[in-house]
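The values are calculated or read from the model by the stated rules, or taken from the named source; none is laboratory data. Because the structure is a prediction, the values reported are computed rather than measured. A quick note on method: Cβ atoms are made from the backbone with ideal geometry, for glycine too, and the neighbour counts reach across all protein chains shown.
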């Protein structure tokens, strides 16, 4: 995993440059390591999504409960 | 069966595109498609069939069903099973699909991944070629791409999914479908992400979905490509939450990519141009009558220059399966939206230009068959309404070239002749010299009669246009 400073540097560079590819590119390894690199982000996204869904279904249930009464 | 030296013999051959997966392959026996399954897939097969995943995916219309059969062809010690998948009426390729067709195919792939992981399975590859349109909806046809999911592993098909779906969809929105389809034809295993990243506008870097899955992903690919050595990543663990989060993030990203609305040159063609309501009704009636009379010749119609599918819909109503092709991606998009809204199962809209139809490409130039080869195998009724002036005056083809081409595709032709005096034909001649001295009804009939017998003809009122029903000479 990259260090904190490296990560920020990476993000800055990301918005600054576009570089053409001259070398042979192996898409497999890049995609493989990329997923590990962002694993925490994806897991966080999943948690936020499921919690949001739970909250929405909770409010729908509450609304249904009061509508019945 | 095919006659060989007076004796009937079984004709079988391997499907040319089926050579990459060592779990099995496709082959034909008497024009019926079979899939051989090898021992190396056994564990996956057991899980797929015994976990209930296969039944669920088939019930949801996400996976093509099959039956287990006893066919000995190509059997060897590595084989364990042969299955016969349900027949897909027409195999189309992603570079022939409209934007929404590709988008729906992407969402279908993600849905399968989402369902599969609950059963301890995943997709080993996410090629867009594994998806076909069946009964108007996208469906996975490659049963063997479902493999066992091992907790802690990343989504192996992630890169391929981004290349096959995300790249062309993003390019389609920001650079046009023509650019996207051209690149899809060039890169059969998906459009390279560094290339896509360079082509997309800078503003897409600020979008979370495209920023992560195209641009950052592309940087990771480039960074790893320049590495001199690789270590196997034994210690890393990609949790199931991260795996599902990745799927959700891809789904959100795909859903957010939307085509900007633009008016096509051809949208509204029927309303604005060429026909009075009476003339159009008369044309529709006669085309319907010609089609109904031709039903015994073939169950498929190839509607050339179909626009938004007005006549394709009529043919489907009679009971035909319809290949509805046009060279304008916006009307193809409109056509597909109608298929979706109306739940039509018989119409397949495709972005194909008859002037330059999809060629045979891939390994040995046979991996992906040309559009014409695939069409000819169906012997369709060729429906060429109001296109002849575009092909002859707009593209300098001759009547002879057209008649020869149409007769090579199908045995029945329904064609509309548009005279040079017609408003649409004159429009084509506004900025060019009229060198089409042989463009006349008489010449058209004489030359087409070399290849076809004219069975019936009908003058469309108030237009000067003529409809013909022709049958190929034997």
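Test each condition in (1) within 22 Å of the chain's Cα centre (by Cα); (2) farther than 20 Å from residue B:146 by Cβ; (3) assigned to a loop (DSSP other than H, G, I, E, B) for residue B:95 and report the one that comes out false.
(3)
Does residue B:67 satisfy the criteria of being surrounded by fewer than 14 Cβ atoms within 10 Å (Cβ to Cβ) and either in contact (Cβ under 8 Å) with a residue 60 or more places away in the chain or part of a helix (DSSP H, G or I) (or both)?
It is false that residue B:67 is surrounded by fewer than 14 Cβ atoms within 10 Å (Cβ to Cβ) and either in contact (Cβ under 8 Å) with a residue 60 or more places away in the chain or part of a helix (DSSP H, G or I) (or both).
State the number of residues belonging to the range B:324-339 that are touching a strand residue (DSSP E or B) at 6+ places or on another chain (Cβ under 6 Å) and under 14 Å from residue B:385 (Cβ atoms).
2
I want to confirm something. Restricting to the range B:379-398 and keeping residues that are buried (at least 22 other Cβ atoms within 10 Å of the Cβ) and over 15 Å from residue B:355 (Cβ atoms), which single residue is nearest to the chain's Cα centre (by Cα)?
Residue satisfying both the conditions and the ranking: B:380.
Looking at the range A:20-59, which of its residues are at pLDDT below 60 and at the interface with another protein chain (Cβ under 7 Å from one of its Cβ atoms)?
A:20, A:21, A:23, A:24, A:25, A:26, A:27
Among the residues in the range B:164-180, are any surrounded by fewer than 20 Cβ atoms within 10 Å (Cβ to Cβ), touching a helix residue (DSSP H, G or I) at 6+ places or on another chain (Cβ under 6 Å) and either within 14 Å of chain A (Cβ to nearest Cβ) or within 16 Å of residue B:127 (Cβ to Cβ) (or both)?
No, the range B:164-180 contains no residue that is surrounded by fewer than 20 Cβ atoms within 10 Å (Cβ to Cβ), touching a helix residue (DSSP H, G or I) at 6+ places or on another chain (Cβ under 6 Å) and either within 14 Å of chain A (Cβ to nearest Cβ) or within 16 Å of residue B:127 (Cβ to Cβ) (or both).
Within the range B:139-152, is even one residue within 11 Å of chain A (Cβ to nearest Cβ) and more than 16 Å from the chain's Cα centre (by Cα)?
Checking the range B:139-152: at least one residue is within 11 Å of chain A (Cβ to nearest Cβ) and more than 16 Å from the chain's Cα centre (by Cα).
How many residues does the range A:42-56 contain that are closer than 12 Å to residue B:243 by Cα and surrounded by 15 or more Cβ atoms within 10 Å (Cβ to Cβ)?
4
Being assigned to a helix (DSSP H, G or I) and out of contact with any helix residue (DSSP H, G or I) (no Cβ under 9 Å at 6 or more places or on another chain) is the filter here; which residues of the range B:284-319 pass it?
Within the range B:284-319, B:285, B:286, B:289, B:290, B:293, B:316 meet the criteria.
Any idea which residue in the range B:181-201 is surrounded by the most Cβ atoms within 10 Å (Cβ to Cβ), counting only those that are facing chain A (nearest Cβ under 9 Å) and either at pLDDT below 95 or touching a helix residue (DSSP H, G or I) at 6+ places or on another chain (Cβ under 8 Å) (or both)?
Looking at the filtered set, the residue picked out is B:193.
Would you confirm, using the coordinates I've provided, whether residue B:322 is free of Cβ contacts under 8 Å to residues at least 60 places away in the same chain and either surrounded by 22 or more Cβ atoms within 10 Å (Cβ to Cβ) or touching a helix residue (DSSP H, G or I) at 6+ places or on another chain (Cβ under 6 Å) (or both)?
It is true that residue B:322 is free of Cβ contacts under 8 Å to residues at least 60 places away in the same chain and either surrounded by 22 or more Cβ atoms within 10 Å (Cβ to Cβ) or touching a helix residue (DSSP H, G or I) at 6+ places or on another chain (Cβ under 6 Å) (or both).
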